[in-house]
1. Stretch A:Lys98-A:Arg117 to full length: gain in nm at 0.36 nm per residue minus the Cα-Cα span?
2. Quick one: go through region A:165-196 and flag any residue whose amide nitrogen is under 13 Å from the point 7 Å out along the Cα-to-Cβ line of A:Trp12.
3. Report the calculated FRET efficiency for A:Ala462 and A:Arg387 (r = Cβ-Cβ distance, R0 = 45 Å), to the nearest 0.05.
4. For the protein assembly as shown, what is the percent of antiparallel DSSP beta bridges, rounded to the nearest 5?
5. What trypsin sites (Lys or Arg not before Pro) in region B:96-186 are in a loop by DSSP, with at most 13 other Cβ atoms within 10 Å of the Cβ?
6. I need the inter-copy label distances for A:Asp40: point set 7 Å along Cα to C-beta, values in nm with one decimal, smallest first.
7. Might you tell me the accessible area per residue for region A:344-493, computed with a 1.4 Å probe and given in Å²?
8. Please compute the per residue accessible area over region B:140-265 with all protein chains in place, 1.4 Å probe, rounded to a whole number of Å².
There are 2 protein chains.
Amino acid sequence: MQLLASSLAGAWSAGSGSRLPLVNPATEEVLAEVASGGHDLAAAFRHARTAGARELAGLSFAERGALCGALAKAVSGAREELLALAIANGGNTRGDGKFDIDGGALTLSHYAELGARLGTGRLLGDGEPIQVGRTARMAGQHVWATRRGVAVHINAFNFPAWGLCEKLACALVAGMPVIAKPATATALVAHRLAQLFEPVLPPGVLQVLIGPAGALLDQLGDGDVVAFTGGSATAHTLRAHPRIAAHGVRLNVEADSLNAAVLGPDVELGGETGALLLADVVRDMTQKTGQKCTAIRRVLVPQARLAEVKDALRERLAAIAVGDPARDDVRMGPVATAQQLADVRAGIARLAAATEEVFGGAGEIAPLGVAAGKGYFVGPVVRAAARPMECAPLHEHEIFGPVATVGPYGGDAETAAAFVARGAGCLVSSAYSDDRDWVASFVAAAAPWAGRLYLGSAKMAAQSPGPGTALPALLHGGPGRAGGGEELGGERGLHLYMQRCALEGDASVLKSLVG
Amino acid sequence: MQLLASSLAGAWSAGSGSRLPLVNPATEEVLAEVASGGHDLAAAFRHARTAGARELAGLSFAERGALCGALAKAVSGAREELLALAIANGGNTRGDGKFDIDGGALTLSHYAELGARLGTGRLLGDGEPIQVGRTARMAGQHVWATRRGVAVHINAFNFPAWGLCEKLACALVAGMPVIAKPATATALVAHRLAQLFEPVLPPGVLQVLIGPAGALLDQLGDGDVVAFTGGSATAHTLRAHPRIAAHGVRLNVEADSLNAAVLGPDVELGGETGALLLADVVRDMTQKTGQKCTAIRRVLVPQARLAEVKDALRERLAAIAVGDPARDDVRMGPVATAQQLADVRAGIARLAAATEEVFGGAGEIAPLGVAAGKGYFVGPVVRAAARPMECAPLHEHEIFGPVATVGPYGGDAETAAAFVARGAGCLVSSAYSDDRDWVASFVAAAAPWAGRLYLGSAKMAAQSPGPGTALPALLHGGPGRAGGGEELGGERGLHLYMQRCALEGDASVLKSLVG
């Protein structure tokens, strides 16, 4: 049995102690093992603080961007191999795997271009010079400076490639050394990426801990950053961690998100805009088996369209073949782990007590090509809430699987926005309408509650990636329940790893510093 | 005895329960009292969420800026009265009081102008449109949208006017209703401001709780923001507060800061740049009796200049008359409370164990115009650290009083920056040099550790406000020990009260939303 090693302190470390299995979630076959601990994490932090920091400090934004470009090539060059690992260890269909792996390469490429554009300086200017004295001679100039410390990346199980790449791309171009901790259950892809990335990067720039975090956070100190993607319970633990509090460690959280999709009152289901809503809902329910932090969970449609929407979802979801994702005829695989399956089933049961069935019962399914009783399968489930604003479980519990709930409203933009807000902060929500006044009212009231608002319309339907796709150029993160974090968004994504500093002094001195 | 009421839920509430005295820290005379509790804080939050939010939502940036302008006028119109309260209740000299009160009016005026410039829209654009699809039709546009919730402002005792005004100005222009809680000990100024502001602002826009916070934070909910200025122990409590964690409340902290000042190796003390360092150190030690979060605490000078710097500080500090700040001949008053005095004395004792005396002993002083044994007085104290990088108490404990420590170094910019970094994050630090290469090296290495870097030079010396002055146009806040927060900085100061949101859709729709 393969024992996955971690890349720490310049060497591959197998760790020690008991071993944890990594399985194929469709077959429950054990694919590899990881050690439960036994790594010298203090040495890893020292390596990052010395070798990693020194190497990065010697490189400009453009040179660090070039490293991102080389990493993107490494991902693309091993695409088929990585896809096979994603299918085996992630329950991914080939399409799911592409979404993760190609998304990772795309994000690295985006930051390669950004690095090139930022050029050869070491400080990033923030805004224009400001006169702060009697004359223009006494001035201020804000800049962003790379933080001195280690960026610790704690990633979620659902995107082992994209999660590793998107966090790494931002930290790398910003100039901070990284220690990444992929989720254990789906670590085969991340482990292979760590192997592929190692020869590309200077020493200490990227270290990857495969397996449990252990005492990772106990090594945190002044200047460090933690970027976390995962559940809100773990996020609370992180916020209260004594090292994070005592050392003012910057913490970025991307946590639970009950993303909403709203159909405008002007939209016919048969038109492009209506078809876009349906396609986006079905894609978000089934892609990655609904295990996307950006997936639509709550759907609000005008009362007059409710029956039609239900029928359309029934029809489309009935055509989704669920089973072993290694098969070409399968459109949706299992969820990633036994625990995820138990959580999804518990979530469906909680939701079922407050809603009516539309499709899929409690997710019972006979998966294609799988031995009876094996695999972590749950079928697509649609529920309906007669009074959606008052349905507490709908707004308060994220079900991380192929489950969505529809409900009716009167069609006014204010209620549509209030429905978004009812989730208490989300990564993304979407509205589908070709009525610009309605959209403007919706955006004004919904924007405070979402990190991204996707505005579906007939004009962009043909080239839309859907709300479930986090793009490198746009902010990824959301307020409140979603954790209050910000990732990506082009240059904005670097700021987590930099300190904004107001320089104050003689205007010509400031100009020479920023260029 | 006057009982100070709080302005809550549209009425003046005296509270109930035991009473706490507000004293004159020079004479220990009781000036007024506040109730220890008994306010209906749930009603205050409801008032903000309903009346306050509704009123602000009906106003544009420009209209909210106009309110700031009216508040600035209210402050200036009552200047003499406010100065008298600052002198009596704050231990302020007239100059100290001006710094606080005029600073508050100036900050309000700055945000009045900013609001006018931001105009009539409701969303603030963030960056340019971004193509995210195959063609320019599929686009992204980041915006800032006003958060729906209440801004809770917890202010420090040292700036009862400026602290209230600077936080209020940002929240008001951003469009969030405010509940402010000034520090109890020096609340006479804030209480009078609350009286002056009440007729200027629409209902629910500003409420002021005079006295202990009680269960204020237990009212926090989705969309709320807390901006805190104070000690790091309280900041830790806030970070772990269950309502803040459970509701994703945004928390901005401005806490302890061990600000450094460094003299470049090129500087003669007799020139403009050297004189600026000396003037800034003496001002920061004595203005507000050293009770400024931005005050210089740590001074690093080239070995060759050390004796000269010590002599100059001795000479200048010996000329500072300490006593009852109501007297015209007094340059420095007492610290604000008995507790502050005890803390400063304990800090001096801790520092004394690791340093040598330069001036002022342990701060013993015979204050002018004060009855024997009365008042919370401590004289200016300068200590010297022979090996400043290794002097732990110097870098780890903020002494919030008229105390500074000097130490020598070899003159290299890297050591100068490492000295700044040794404070583990500060609001501001300063360097005094006319050697641009030296300054560039210093800035590159020190900027990650400071929210502001003040670069003293001969060219700006004549019009410099000194590092201890937080300007509305420049960022105020700092990494690490300083809390990791950001306030002010012009438009940047609004962002705490707004959510950044990526709008994604048809380019012409996005353009119509942002204008």
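1. 4.1 nm
2. Zone members listed by number: A:191-196.
3. 0.80
4. Looking only at bridges with both residues in the protein assembly as shown, the antiparallel portion is about 40 percent.
5. When the trypsin sites (Lys or Arg not before Pro) of region B:96-186 are filtered for loop state and at most 13 Cβ neighbours within 10 Å, B:Arg134 remain.
6. 6.6
7. Values: 4520 Å² over 150 residues.
Result: 30 Å² per residue.
8. Per-residue value: 22 Å².
The values are calculated or read from the model by the stated rules, or taken from the named source; none is laboratory data. Everything numeric here is computed off the predicted structure, so don't read it as measured data. Every residue, glycine as well, gets a Cβ built from its backbone with ideal geometry; the counts of neighbours run over all protein chains shown. Please note that ligands, DNA and RNA were not included when accessible areas were found on the heavy atoms of the full protein model with its side chains. Shrake-Rupley method; radii C 1.70, N 1.55, O 1.52, S 1.80 Å.
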